[in-house]
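Encoded as structure tokens, the structure appears first; notes follow it.
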Amino acid sequence: MVKEIERTGLPVVHMCTVVPISLTVGANRIVPTVAIPHPLGNPALSPADEKELRRKLVETALKALETPVEEQTVFDS
Amino acid sequence: MSDKKLRVVHYINQFYAGIGGEEKADVPPEVREAVVGPGMALRAALGDDAEIVATVICGDSYFNEHLEEAQKAVVEMIRQYNPDVVVAGPAFNAGRYGVACGAVAKAVLDELGIPVVSGMFPENPGVDMYRKYAYIVETGNSAASMRQAIPKMAKLAVKVGRGEELGTPEEEGYMERGVRKNIFLDKRGSMRAVEMLVAKLNDQPFTTEYPMPTFDRVEPGKAIADVSKAKIALVTSGGIVPKGNPDRIESSSASKYGKYDIAGVSDLTEDTYETAHGGYDPTYANEDSDRVLPVDVLREMEAAGKIGELHRYFYTTTGNGTSVANAAKFAKEIAAELVADGVQAVILTST
């Protein structure tokens, strides 16, 4: 899906937990996330801390969209 | 030599071990000196040639979330049993299970030098990631093809376990590993090439001796200059849908995607959204779908002027077991709409 959308020229950032799969399917901007059933959250945290964690991950994703890349790049928060 | 009974260690996931489904997918590796689950059929197919001396079990989510640790732990468990061959799966079209089987194969081959036989559906991501390290028998896309898969895997396991010379992947029934092998043929290369060309010109079948790898890579989209002015859309393969799943998107092998209006929605709550995805434990996403689709923080960023605009619609499907052809078709349609709607960048989340 990442690839078909990016084919139009739109930059796509893929937020996912299993980075090797993302690399295999051909995502170019990758942000590793927390866990498979809750990529952008962590139920062990307080609601406020969990939202903060999500905010940080999304900020990393936005930064990735602003970053020119030539090849597959993993952006760590 | 061929009289010696081969020692086999079998690797399976928590589901086939009978530990549980997605709610148990986070169990760490364990080893049992027993034949477990599909091991029963494997034992029957191996007959007198080989015995399963142990079964290593690991939860699929645990394995994928702790790839290196899990590989290490599994290799240490396998090492103690000194097998001649390791059998992993079959994983059919289960993505995380396939990746785990492949990662086990790579670690076992690298660390112990023991060959590994697995079984997967060709679209399983584990095939492309790990085909070099395992003899992967082609299976159907679900456990319905277990009965066909196991005998093929058993036969191949005995062969590689004994170190017998293997024929081509086609002859032996496993998927190509990208290994080039020098062999002697009666006809020299130039003759074979001309024969192939003649066959091609006559529309007759021929088999290449060196298939070209196909790299379907897409150029990275151009970076956006300023996200604070950009219209950003959310897409997910994590199956987030309005509560009740109004379009009845399938929990796996999806035949459709959903497009939902989130104008005015600032938070996905337990009462309003849920996941339709059947390939992961839905508890956390059902409690708070923002954990998969971060609408809440993007709305706040929109209000604070950190992003230009969150696109009015999000697109969603379930990524598990969904064929590559379907996923590509959905994404093509979605992409055309996004472009038409003036979206400038996409955040795609996966579980």
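Values quoted throughout were computed directly from the atomic coordinates according to the rules given, and no laboratory measurement underlies them. These numbers were taken from a predicted model, which means no experiment stands behind them. Reconstructed Cβ throughout: ideal geometry from the backbone, glycine too, with neighbour counts over all protein chains shown.
Summary of values
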{"item": "When residues of region B:32-52 are limited to those that are free of Cβ contacts under 8 Å to residues at least 60 places away in the same chain, in a loop (DSSP other than H, G, I, E, B) and surrounded by 17 or more Cβ atoms within 10 Å (Cβ to Cβ), the one farthest from the chain's Cα centre (by Cα)", "result": "B:35"}
{"item": "Unmet criterion (only one of (1) more than 7 Å from chain B (Cβ to nearest Cβ); (2) surrounded by fewer than 24 Cβ atoms within 10 Å (Cβ to Cβ); (3) out of contact with any Gly (no Cβ under 9 Å at 6 or more places or on another chain)) for residue A:34", "result": "(3)"}
{"item": "Among the candidates B:291, B:299, residue that is of a type in the set (Lys, Arg) and either within 20 Å of residue A:18 (Cβ to Cβ) or in contact with a strand residue (DSSP E or B) (Cβ under 6 Å, 6 or more places away or on another chain) (or both)", "result": "B:291"}
{"item": "Exclusive hit being touching a helix residue (DSSP H, G or I) at 6+ places or on another chain (Cβ under 6 Å), of a type in the set (A, V, I, L, M) and within 11 Å of another protein chain (Cβ to nearest Cβ), set B:347, B:334", "result": "B:347"}
{"item": "Of residues in region A:51-77 being over 11 Å from the mean Cα position of the chain (by Cα) and among the acidic types (Asp, Glu), the one surrounded by the most Cβ atoms within 10 Å (Cβ to Cβ)", "result": "A:66"}
{"item": "Filter result (more than 13 Å from residue A:52 (Cα to Cα), without any contact (Cβ under 8 Å) to a residue 24 or more places away in the chain and under 28 Å from the mean Cα position of the chain (by Cα)) within region B:280-310", "result": "B:284, B:286, B:287, B:288"}
{"item": "Candidates A:44, A:48 - the one that is more than 13 Å from the chain's Cα centre (by Cα), part of a loop (DSSP other than H, G, I, E, B) and not basic (Lys, Arg)", "result": "A:44"}
{"item": "Some residue of region B:278-295 being aliphatic (A, V, I, L, M), within 11 Å of chain A (Cβ to nearest Cβ) and in a loop (DSSP other than H, G, I, E, B)", "result": "yes"}
{"item": "Matching option when the condition is over 21 Å from residue B:148 (Cα atoms), in contact with a Phe, Trp or Tyr (Cβ under 7 Å, 6 or more places away or on another chain) and among the β-branched types (Val, Ile, Thr), among B:86, B:53, B:31", "result": "B:53"}
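Each row is one residue, and each column tells you yes or no for (1) small (Gly, Ala, Ser); (2) surrounded by 18 or more Cβ atoms within 10 Å (Cβ to Cβ); (3) away from every other protein chain (no Cβ under 14 Å).
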residue	(1), (2), (3)
B:185	no, no, yes
B:199	yes, no, yes
B:212	no, no, yes
B:217	no, no, no
B:221	yes, yes, no
